[in-house]
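The values are calculated or read from the model by the stated rules, or taken from the named source; none is laboratory data. Since we're looking at a predicted model, the values are computed, not measured. Positions of Cβ are backbone-derived with ideal geometry, glycine not excepted, and every protein chain shown enters the neighbour counts.
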């Protein structure tokens, strides 16, 4: 389902169109966390990044990021310490995910126009240190 340009997650198991679902993570800083949680449904909006407007998602959980270690891998995902302070884990229709160009497209995806997430569809949303 789409509202304006933003896909909307609906309350049935197939998101309304029979699409396969993928678990993804959206990492953000405190400002982004507060902006997202102010909405009902949550609204993850496009921003401004060297990689495009986004918003960006990854298939890498906080545990995956931690196992991979600091430095190059976090940098490859574009995660600064501040930008990885909060995380949302959610299911999204696979067809809504646009892989980033190049090798990073295996782990980094964009949802052009953003996404509206009903609060009960976020598996987790809070400090990354409390995930899992």
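Some notes on this structure:
- Test set (1) over 19 Å from residue 82 (Cα atoms); (2) within 12 Å of the chain's Cα centre (by Cα); (3) modelled with pLDDT under 95 - residue 28 fails condition number: (1)
- Number of residues in region 96-111 that are in contact with a strand residue (DSSP E or B) (Cβ under 6 Å, 6 or more places away or on another chain) and in contact (Cβ under 8 Å) with a residue 24 or more places away in the chain: the value is 7.
- Each residue in region 99-111 was checked for being within 12 Å of the chain's Cα centre (by Cα) and closer than 18 Å to residue 46 by Cβ, and 4 of them qualify.
- Among the residues of region 104-132, those identified as in a strand (DSSP E or B) and surrounded by 19 or more Cβ atoms within 10 Å (Cβ to Cβ) are 108, 109, 110, 115, 116, 117, 122, 125.
- Here is the figure for region 35-81: residues that are touching a strand residue (DSSP E or B) at 6+ places or on another chain (Cβ under 9 Å), assigned to a helix (DSSP H, G or I) and either buried (at least 18 other Cβ atoms within 10 Å of the Cβ) or at pLDDT below 90 (or both) total 6.
- Tally, over region 86-103, of residues that are surrounded by fewer than 22 Cβ atoms within 10 Å (Cβ to Cβ) and touching a helix residue (DSSP H, G or I) at 6+ places or on another chain (Cβ under 6 Å): 1
- Identity of the residue in region 3-25, in contact with a helix residue (DSSP H, G or I) (Cβ under 9 Å, 6 or more places away or on another chain) and part of a strand (DSSP E or B), that ends up modelled with the lowest pLDDT: 7
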